[in-house]
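What follows is a single structure, written as structure tokens, with notes after it.
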Amino acid sequence: MSPKKTSHAPAVERALDVIELLAASERDLALSEIVKRSDIPRQSLIRILNTLCDRGIVHSRQAKLIPN
């Protein structure tokens, strides 16, 4: 993930952190693993992941998240 700094758009920073985390992983990640690896609250993470899925950026397969 990127180094933390003051952001003009924290929600965008969080979404990009999730995308980077998924892209850097060598395997599919479960929600619980993403929660552990990020500093993002679970409910916020769920909303981010739902949006990324809706936009076709990631998809889920048997409760795992995979970048497209």
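FYI, it's all coordinate maths here, none of it is from the lab. Quick caveat: nothing in here was measured; it's all calculated off a predicted structure. Note: ideal-geometry Cβ built from the backbone for every residue, glycine included; neighbour counts use all protein chains shown.
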Test of the criteria: in segment 4-48, which trypsin sites (Lys or Arg not before Pro) are in a DSSP loop and have at most 13 other Cβ atoms within 10 angstrom of their Cβ?
LYS4, LYS5, ARG27
Using a ≥ b ≥ c from the Cα gyration tensor of segment 10-67 (square roots of the eigenvalues), is it rounded, prolate or oblate, where a/c under 1.5 gives rounded and otherwise the larger of a/b and b/c decides, a/b for prolate?
rounded
Check: segment 10-67 dipole with +1 on Lys, Arg Cβ and -1 on Asp, Glu Cβ, in debye:
220 debye
Amide H partners (placed H, <5 Å) of ALA30, local residues excluded:
LEU65
